[in-house]
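So the structure is just underneath, and the comments pick up after that.
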Amino acid sequence: MTQHYVVGQFSALLGEVEAAAVEWQDSVRRLRLQVEASSLSLLPALAEQALSLTDAICWAALEQGDVTRFRSSAASAADLAEFLDCAGLLRQ
């Protein structure tokens, strides 16, 4: 995968997370901007931040009893995690 593809797809998937989590949009948007401006070597650390953020978003939806938002957030989080794993951005 090229660096442009990895950064672009990472950003696009964060966009899906952002759309699913209204009250978290500022946090996700800041992370997207960091991803778009970072070198490939910094992406694994940002991937960890993204997974932590999506975990918090999903837990918040569960705590609020919002099943619809949880399902949407969990689906976006799963797509993001799968991509990050396939792109080799997750630390072992």
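The values are calculated or read from the model by the stated rules, or taken from the named source; none is laboratory data. These numbers come from a predicted model, not from an experiment. Here Cβ is always computed from backbone atoms with ideal geometry, including for glycine, and neighbour counts include all displayed protein chains.
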Could you look through the stretch 1-37, keep only residues that are surrounded by fewer than 14 Cβ atoms within 10 Å (Cβ to Cβ), more than 20 Å from S72 (Cα to Cα) and in contact (Cβ under 8 Å) with a residue 12 or more places away in the chain, and pick out the one that is nearest to the chain's Cα centre (by Cα)?
-> E36
Inter-residue pairs, beta-carbon under 6 Å, first on the phi < 0 side of the Ramachandran plot and at pLDDT 95 or above and in the stretch 48-61, second buried (at least 22 other Cβ atoms within 10 Å of the Cβ) and not in a helix (DSSP H, G or I), 6+ apart = I57/A21
Could you check, for the stretch 38-52, whether at least one of its residues is more than 16 Å from C86 (Cα to Cα), touching a Phe, Trp or Tyr at 6+ places or on another chain (Cβ under 9 Å) and surrounded by 13 or more Cβ atoms within 10 Å (Cβ to Cβ)?
-> no
Those residues that are touching a Leu at 6+ places or on another chain (Cβ under 8 Å), in a helix (DSSP H, G or I) and either farther than 11 Å from A21 by Cβ or free of Cβ contacts under 8 Å to residues at least 24 places away in the same chain (or both), I need them from the stretch 75-92; list them, please.
-> D79, L80, A81, F83, L84
Going by the conditions given, is S76 among the hydroxyl-bearing types (S, T, Y), under 20 Å from R30 (Cβ atoms) and in contact with an Asp or Glu (Cβ under 9 Å, 6 or more places away or on another chain)?
-> yes
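Does the stretch 47-92 hold any residues that are basic (K, R) and either over 24 Å from Q34 (Cα atoms) or in contact with a Cys (Cβ under 9 Å, 6 or more places away or on another chain) (or both), and which are they? Working first, answer last.
To start, the set of residues in the stretch 47-92 that are basic (K, R) comprises 69, 71, 91.
Listed by number, the residues that qualify are R69, R71.
Take S72 and tell me if it is surrounded by fewer than 20 Cβ atoms within 10 Å (Cβ to Cβ), at pLDDT below 95 and assigned to a helix (DSSP H, G or I).
Details: surrounded by fewer than 20 Cβ atoms within 10 Å (Cβ to Cβ): yes; at pLDDT below 95: yes; assigned to a helix (DSSP H, G or I): yes.
Answer is yes for this residue.
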